[in-house]
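J.: My questions will all concern the structure given below.
The numbers here are math on the coordinates, done by the rules we state, and not lab data. None of the values given here were measured: they were computed from a predicted structure. With ideal geometry, Cβ positions are generated from the backbone for all residues, glycine too; neighbour counts draw on all protein chains shown.
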Amino acid sequence: MPSKSAIQRARKDKREGKSPSTQAGEFVREEIEHVREGKHGARSTKQAIAIGLSEARSAGVDVPAKGKAAKKSSAKKSAAKKSAAKKSSTKKSATKKSASKKAATKKTASKKTARKSSETKATRSRAATRALKKEGSAAASKRALSRQGHQAAAKRSAADRSAAAKKAARTKGAKGRSAAAKKAARTRARHSGD
């Protein structure tokens, strides 16, 4: 469960017009802190990031799903659209009585499934937490995060990275650009002695 402070920071980012990925970064940062504090561990840095993104989605941040999960959800959506189209094209031949009976049975069935699914969710959540507590905290180290960042950047094209840097410079503001320039100058000075 994300903390109130993370949700507030994400909402502030949204008000400032920042992207959904920036808003989700607040939840990812919090998750990394949890791993470092020892609340639970993570098998890899990617897992810690994925947990943070999942929490961001559940908190209402519009972060798109990627990979297999995205393909599954898009397939489900298209299947739902097709079935809805079929239902609308077929004629309604059921009488009012049978319709009300069906509605009543559906209600009781949905209540049962809702209860069962909530129990399942709670069980899965506990199991996941227990499994995470057995994992180590090395996934949240500075070295691991740096490696993950480099790997993610290497997968992107030079044009993508350049566009992201230009956008960052545009949205940073005068103060932010000044601070970034000073930091870059310090870094250059530190590396020039090597």
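J.: Sort 3-14, 119-130 for me by packing, meaning the mean count of neighbouring Cβ atoms within 10 Å per residue, highest on top.
T.: Going by the mean number of other Cβ atoms within 10 Å, highest first, we get 3-14, 119-130.
J.: Another question about this same structure. Using the Cα gyration tensor of region 149-194, with a ≥ b ≥ c the square roots of its eigenvalues, what is the shape: rounded (a/c below 1.5), prolate (a/b larger than b/c) or oblate (neither)?
T.: It comes out oblate by the Cα gyration axes.
J.: Given a cut-off of 29 Å, name the pairs among LYS39/LYS121; LYS4/LYS172; LYS18/LYS134 whose C-alpha atoms lie farther apart than that in the structure shown.
T.: Those over the limit are LYS18/LYS134.
J.: Towards the positive end of the charge dipole of region 105-194, with charges on Cβ (+1 Lys, Arg; -1 Asp, Glu), say which of THR187, GLN148, SER110 has the farthest Cα.
T.: Checking the options against the dipole of region 105-194, the answer is SER110.
J.: Another question, then. Where in region 1-33 does the label zone of ARG170 land, with the point 7 angstrom along Cα→C-beta and an amide N cut-off under 19 Å?
T.: It comes to 14-23, nothing else.
J.: Let me make sure I get this right: for region 18-61, a, b and c are the square roots of the gyration tensor eigenvalues over alpha carbons, sorted descending. Under 1.5 in a/c it's rounded, otherwise prolate if a/b > b/c, else oblate. Which is it?
T.: Verdict is prolate for region 18-61.
J.: Where a ≥ b ≥ c are the square roots of the eigenvalues of the C-alpha gyration tensor, would you call region 118-194 rounded, which needs a/c under 1.5, or, failing that, prolate if a/b is larger than b/c, or oblate?
T.: prolate
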